[in-house]
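Input: a single structure, listed below in structure tokens.
We did not get these values from a lab; they are worked out from the coordinates using the rules stated. Note that this is a predicted model, so its numbers are computed, not measured. Cβ placement follows ideal geometry from the backbone for every residue including glycine, while neighbour counts extend to all protein chains displayed.
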Amino acid sequence: MAKMIGAPLKRKEDPKLITGNGRFTDDIKLPGMLYGAFVRSPHAHARIKAIDADGALALPGVVAVYTGQDLIGKVKAVPTMWYVTGANLKAKDRSALAVDKVRYAGECVALVVAENRYIARDAVDLIEVEYEELSAVVHQEAALAEGAPLVHDDVENNLALLWKAGEVPDEEFTEAEVVVKQRLYNQRVIPNPIETRGAVAQYNPGSDELTIWCTSQNPHIHRMVYADVLGIPETRLRVVSPDVGGGFGSKIATYNEEAVIGHAARDLKRPVKWIEERKEHFMATTHARDEVIEVELAGKRDGTFTAIRVKNTANLGAYLSTFGGGCPTIDFGLMVTGAYTIPKAAVVTYGVYTNTTPTDAYRGAGKPEAAYQIERIVDLFAQEIGMDPVEVRRKNLIPHEAFPYSTAMGVAYDSGNYQDTLGQALEIVDYEGLRKQQERLRQEGKWLGIGVSTYVELCGFGPSKVAGAIGFMGGVWENSTVRVHPSGKVSVFTGTSPHGQGTATTFAQVVAEKLGIPIDDIELISGDTRSVSMGWGTYGSRNTAVGGAAVAIAADRVVAKAKTIAAHELEASATDVEFSEGVFRVIGAPERSRTFQEIAKSANFAWNLPDGVEPALEGQSFFDPPNFVYPFGAHICVVEVDGQTGEIELKRYVAVDDVGRVINPLLAEGQVHGGVAQGIGQALWEGAVYSDNGQLLSGTFMDYAMPKARFFPTIESRFTENPSPVNPLGAKGVGETGTTGAPPAVVNAVMDALRPFGIKDLDMPLTPEKVWRAMQSRRENA
Amino acid sequence: MVTVTKHISVTVNGALRQAEVEPRLLLAHFLRDVLDLTGTHIGCDTSQCGACTVMVNGEAVKSCTMLAVQADGAAVTTVEGLGQMDAMHPIQQGFWEKHGLQCGFCTPGVMMAMVGLLKENPDPSEEEIRDGLEGVICRCTGYQFIVSAVQHAAKLIREAEETKQAMANAGEGR
Ligand code: FES
Ligand code: FES
């Protein structure tokens, strides 16, 4: 049998999806099903004075209307899952439905339940809510200012959290040879998976069990939280995420809508469906980033770095979302030194409430912001001392021999050869040649720019005791059962919950290689709290590094037991039996053998088992990773900026990523493409825009610039492989590499192109207008 | 309130389907909710994402921008009618072979749009495919493997055409 791990196999999950046989949440249709629609606040900040639902209730087909008052004592507010340790956290939870005040435009005020979705929409318009508008605050720095409106009356200065890590004496900066300082704004972006959120809930009065199908990246977390919110024991709440159309972090968060739909189904004893409309998604599904980051890097004229200090003022929105507090603190803070040997580092984060949609994880969660600030400041440092940015990187990248490397932020990077990966990327683009070309083109008035980022990020959280120490309300281990049926076919259960990553294929590859059976004999079961005993879901690129590791260990346990049974049948000792390519053989007597399928049958029939061996063949693992994993890479972007219009043409994009051992290079490359596209999207086009009174101006696909196919060049993706020592697969995580590596590579490229204009920094997104204005003002001042 | 309904007959994937529908019912909801053809997806409310694209009388149309009553008398093809598990359409083969999807939510609509493109241009360049994808949004794939998938599908269709042609010629020669 061919090697499975490392093979670019096409996906097992595709046939159903490309023939229209997938089953997404909105595809679920149950007898007697009702349809829910939410009434949402048009104001960013207002007192609710009265709600009149009579008109709606009079509409034929309307079954019920719920307001915040109706849910008091029945549905609790949805709590955060990350009480960041040592951050003076003032956690504010989002009520199921707003009771007396709304704090962002789009906050749920009431739920209508009707016989179909059209009637439900009609009824929403018939509900009259009387508001008293209050002044709103949108920007985090304005919210911190003296006299700013308070989002929550008892949270002074709107300061939700203050977190500090590391220390650097002032002299490191006052006495340094070189200090560069920059304020960077990592703008607010909206995850926008193409499938919006949604929930279908069904209550079974016989078993007193509530089932919620919803668009979830982590159904077990959702069960844990919604059980608490709804006051139902976990044993009587089943959460199922069927096929899920992307998440990118936005479907990790626990939300009020899903819980309220669950309540309505239980209350009405009829199934209820709610599918988020795109405009609701823009208003109500978590946003991300929105961090004002001030960074100061100290170093020497020869190019070496000596200290860094960073201040992050993060906009958390109106409430503390699921992982909302963790992203700008732990996720961000631990990574501020990037891929470099910077001996001293300090970070402080201010988390601020504003009258905007809550922010939470989005592909990378904190790490893209960390990579952006360090990769931008490294370029500015290089410019300051007049050195090539690649040379500065080479001087400071953590050397290969230094791994595992402990950073100034106190984390241990697992493995890497940063220089080699950078070298490969430079070779692919022909860096030297490009620099010469850039010189020539400048003479002709053409503005070519070359941008490099040598990012590193943190994935696959672990171990769970660390999660506990940082205030994360749960474990970060992962569960898998590998169950062998009498025929030798295998069901693999995983606690991760894929939503487009191709996990059914990668995990099957791992099991096929371990058990020596055809990949088609393996099915993956995930996303259902009733089938899978426990799990923590899919986020932070933990799928393979943690979930896949559990699968590998469970499969090894199957092999170990099968070997005992095979040895017994072959009348040999287990040490004399070898297993390869699906066959157990007595060493030295290969004709004495049993296939895996034969052992599967005998294990399940149990007619002739060795003493003390239990029937059936099943392996289980609860893998708690001993450490995080740290994917890294070198991304190089080449752009040309049009001097007349400010338009940016992406000429080349090279991504050399190291995600440890690659299980399926085809799927890994797909992840890189998608991540890079989202990263370039943030750099050049995407951005949530609010008016001063808290109206989301970029609230549809007509106003929010989602990346389209013709915007991109071919992404040249390669991998280097430095396996991680922290899990048995050596895998690190690939999902976030692109969103982490791309923004600084692109912005560095544009800034490089704009150097002749004396422009040092512009905030993302680098729209043509912004670039043109910057060039124009230099021209006018020249 | 009296709900006015209208009787419509639509040929969907080759079969005649009839229903009483409200005039405001979108074609997308008619296909999904009335006919239970859930392969066609809805991703936006502003006709931007293309997830709902189907063929109406041989042309790619966003089914969220059309009313079911407007499809009265028309022939509609949805993803279910393109090809099934055991007999896939070349575009489906292309997407499978070349990893043209991740979550698969946009995919039915994207494939329909590309079937439309290939009808007009059987041998599109990368640039033409990227232009042809203007009406759809895929958040997962970065589009690169969608481009490869469409090129692969185009090749499969051309090869099938050539074989058909060769067989027809051979037939004439006899
Ligand atoms: S759902 Fe029709 S274009 Fe988005
Ligand atoms: S494959 Fe997920 S949106 Fe296209």
| request: From other protein chains only, count the Cβ atoms within 10 Å of every residue's Cβ in A:667-680, then give the mean. | output: 4
| field | log10 of Debye I(q)/I(0), alpha-carbon scatterers only, for the range A:478-601 at 0.12, 0.14, 0.22 Å⁻¹ | value | -0.46, -0.59, -1.13
| Helical contribution to [θ] at 222 nm, DSSP H n ≥ 4, -39,500 (n - 2.57), averaged over chain A, rounded to 500 | -8500 deg cm²/dmol
| message | Could you tell me the relative contact order of chain A? Use alpha-carbon pairs under 8 Å, at least six residues apart, and round to a whole percent. | response | 15 percent
| remark: Here the whole-number average of other chain Cβ atoms within 10 Å per Cβ of B:80-89 is 3
| What is the packing order of peptides A:407-417, B:143-153, taking the mean over residues of other C-beta atoms within 10 Å and listing the highest first? | B:143-153, A:407-417
| remark: For the pair residue A:606 and residue A:208, the simple spin-label estimate (label points 7 Å beyond Cα toward Cβ) gives in nm 3.3 nm
| note | With a Förster distance of 30 angstrom and the Cβ-Cβ distance between residue A:525 and residue A:473, calculated FRET efficiency to the nearest 0.05 equals 0.70
| said: Just to check I understand the Karplus step: with θ = phi - 60° and J = 6.51 cos²θ - 1.76 cosθ + 1.60, what whole-Hz values come out for the range A:187-197, glycine and proline as x? | reply: 5, 6, 10, 10, x, 6, x, 6, 7, 6, 6
| Hey, what did chain B get for relative contact order, percent, Cα under 8 Å, at least 6 apart? | 22 percent
| task | Excluding residues on the same chain fewer than 8 positions from residue B:98, give the aspartates and glutamates whose Cα lies under 14 Å from its Cα. | result | A:13, A:14, A:669
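Using helices alone, what [θ] at 222 nm do you get for chain B, with -39,500 (n - 2.57) per DSSP H run of 4 or more residues, divided over all residues and rounded to the nearest 500?
-11500 deg cm²/dmol
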| note | Counting only DSSP beta bridges fully inside the range A:121-255, the antiparallel percentage to nearest 5 is 60 percent
| Rounded to two decimals, what ratio of Rg to Rh does the range B:6-81 give with C-alpha atoms and a Kirkwood Rh? | 0.92
| note | dims of chain A, Cα set, principal axes, largest to smallest, nearest Å -> 90, 73, 48
| What is the magnitude of the charge dipole of the protein assembly as shown about its Cα centre, with +1 placed on the Cβ of each Lys and Arg, -1 on the Cβ of each Asp and Glu, and no other charges, expressed in debye to the nearest 20? | 660 debye
| task | Quick one: P(r) of the range A:544-591 from all Cα-Cα pairs, 10 Å bins, percents rounded to integers, in order of increasing distance. | result | 27, 43, 21, 9
| What order do you get for B:32, A:393, A:779 when you list them from fewest to most C-beta neighbours inside 10 Å? | A:779, B:32, A:393
| request: Kindly write out, for the range A:648-660 in residue order, the coupling ³J(HN,Hα) from the Karplus curve 6.51 cos²θ - 1.76 cosθ + 1.60 (θ = phi - 60°), rounded to whole Hz, with x marking Gly and Pro. | output: 10, 9, 7, 8, 8, 9, 10, 10, 10, 10, 10, 10, x
| request: Pull out the extension gain between residue A:595 and residue A:773, defined as 0.36 nm times the separation in residues minus the alpha carbon to alpha carbon distance; nm, one decimal. | output: 57.0 nm
| note | Listed with the fewest Cβ neighbours within 10 Å leading, A:118, A:203 appear as A:118, A:203
| message | Could you tell me how far the Cα centroid of the range A:489-506 sits from the Cα centroid of the range A:552-598, in Å? | response | 26 Å
| said: Ignoring solvent entirely, what values of log10 I(q)/I(0) come out of the Debye formula for the range A:672-782 at 0.22, 0.24 Å⁻¹ when each Cα is a single scatterer? | reply: -1.21, -1.30
| field | Shielding of A:466-475 by partner chains, average beta-carbon count, 10 Å | value | 0
| field | Packing-based ranking, highest mean first, of A:338-350, A:78-90, A:500-512 given that Cβ atoms within 10 Å are counted | value | A:500-512, A:338-350, A:78-90
| request: Report ³J(HN,Hα) in whole Hz for each residue of the range B:10-23, in order, from the Karplus equation J = 6.51 cos²θ - 1.76 cosθ + 1.60 where θ = phi - 60°; Gly and Pro get x. | output: 10, 8, 10, 6, x, 10, 6, 10, 10, 7, 9, 10, 5, x
| Given the pairs A:164/A:344; A:12/A:563; A:76/A:251; A:300/A:651; A:16/A:251; A:90/A:273, which span a C-alpha to C-alpha distance of over 24 angstrom in this model? | A:12/A:563; A:300/A:651; A:90/A:273
| Orientation-averaged projected area, Cα convex hull of chain B (nm²) | 11.8 nm²
| request: Check the straight Cα-Cα distances from residue A:49 and name the aspartates and glutamates below 19 Å, setting aside those fewer than 8 residues away within the same chain. | output: A:70, A:100, A:107, A:125, A:128, A:130, A:132, A:133, A:153
| message | Restricting to bridges with both residues inside the range B:6-81, how much of the DSSP beta-bridge set is antiparallel, in percent to the nearest 5? | response | 90 percent
| note | Ranked on Cβ counts within 10 Å of their own Cβ, fewest leading, A:575, A:544 go A:575, A:544
| remark: Sorted by chain and then number, the residues having a modelled amide H within less than 5 Å of the amide H of residue A:109, at least 5 places away or on another chain, are A:39, A:40, A:41, A:98
| task | Mind scanning A:29/A:489; B:62/B:119; A:489/A:514 and naming the pairs with a C-alpha gap bigger than 23 Å? | result | A:29/A:489
